[in-house]
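The values are calculated or read from the model by the stated rules, or taken from the named source; none is laboratory data. These figures come from a predicted structure and were not determined experimentally. Quick reminder, even Gly has a Cβ in these numbers, built from the backbone with ideal geometry, and neighbours come from all protein chains shown.
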Amino acid sequence: MKYKLAIFDMDGTILNTLEDLTDCMNYSLAVHDYPQRTIDEVKSFVGNGIKKLVERAVPTGISKEEVEKVFQTFNDYYKDHCAIKTRPYDGINEVIREMKEKGILTAVVSNKADYAVKSLCDDYFKGLFDFAIGDRPGHRRKPYPDNINAILENFKIDRSEAVYIGDSEVDLQTAKNADMDVIMVGWGFRDEDFIKSQGAEFVIQNPLDLLPFFK
């Protein structure tokens, strides 16, 4: 199948955001006198949006009100510190640029806050994405297919002509819920064995391996 539209996840797929997420999470925990988390712990917590990251990182048993306070601290701090150590994965910019040169439509659907998705796309992928959506009030986040469907409708592309590209079990389920094909990558926040245990048929290990899927 040669696809006309590539829809990418962000964290762990096109950007390595883990260090900034960890630093901002630990800053927020420290503000509220909660224990710090390791980078491996944060790596296991990501995938379902910032609110869920905070809920997983705070100590078990604290009140919803306290969780909300940590979330607000994180949200405010991350706005100004989301691009300190974050970097694109090696080769991903060149591959997306080549897709664009072939006339492939490109988009991002992420559970990261919408402001951060748009800011990071502008910082690291200027002009490389035709559409980018993050977590917004009133819209269901992945694994619900709402934002995938919005992009398909925006481009008037049939889902059979599009593919979702991601690194986690959330991305795998998102593609399934959207009834579309998926390409799973092994350079992100989940390793190949885990991704396959979740039902992935195959996992690619190099961004260049994306190109044969497109016209």
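For every residue, the table says whether it meets (1) within 22 Å of C24 (Cα to Cα); (2) basic (K, R); (3) surrounded by fewer than 17 Cβ atoms within 10 Å (Cβ to Cβ); (4) at pLDDT 95 or above.
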| site | (1), (2), (3), (4) |
| --- | --- |
| E94 | no, no, yes, yes |
| I104 | no, no, no, yes |
| H139 | no, no, yes, no |
| L152 | no, no, no, yes |
*What is the one condition in (1) farther than 14 Å from M10 by Cα; (2) surrounded by 17 or more Cβ atoms within 10 Å (Cβ to Cβ); (3) among the aliphatic types (A, V, I, L, M) that L120 does not satisfy?*
(1)
*Across the stretch 143-165, what is the total count of residues that are in a loop (DSSP other than H, G, I, E, B) and more than 24 Å from K100 (Cβ to Cβ)?*
3
*asked:* For the stretch 172-198, give me the residue count where each residue is assigned to a strand (DSSP E or B) and either free of Cβ contacts under 8 Å to residues at least 40 places away in the same chain or not assigned by TED's automatic domain parsing to the domain that holds D11 (or both).
replied: 3
*If only one of T22, T86 is free of Cβ contacts under 8 Å to residues at least 40 places away in the same chain and either closer than 23 Å to S168 by Cα or in the same structural domain as Y124 (by TED's automatic domain parsing) (or both), which one is it?*
T22
*Collect the residues in the stretch 199-215 that are outside any loop (DSSP other than H, G, I, E, B) and free of Cβ contacts under 8 Å to residues at least 24 places away in the same chain, keeping them in residue-number order.*
V203, I204, D209, P212
*Report, by residue number, each residue of the stretch 179-188 that is surrounded by 22 or more Cβ atoms within 10 Å (Cβ to Cβ) and out of contact with any strand residue (DSSP E or B) (no Cβ under 7 Å at 6 or more places or on another chain).*
G188
*asked:* Show the residue pairs meeting these rules: Cβ distance below 6 Å; 6+ apart or different chains; first residue within the stretch 158-171 and touching a residue at least 24 places away in the same chain (Cβ under 8 Å); second residue among the charged types (D, E, K, R).
replied: E161/K4; V163/D181; G166/D9; D167/R190; S168/R190; V170/K142; D171/D9
*Which one of these is of a type in the set (F, W, Y), closer than 23 Å to L21 by Cα, out of contact with any Asp or Glu (no Cβ under 6 Å at 6 or more places or on another chain) and surrounded by fewer than 15 Cβ atoms within 10 Å (Cβ to Cβ): F125, F194?*
F194
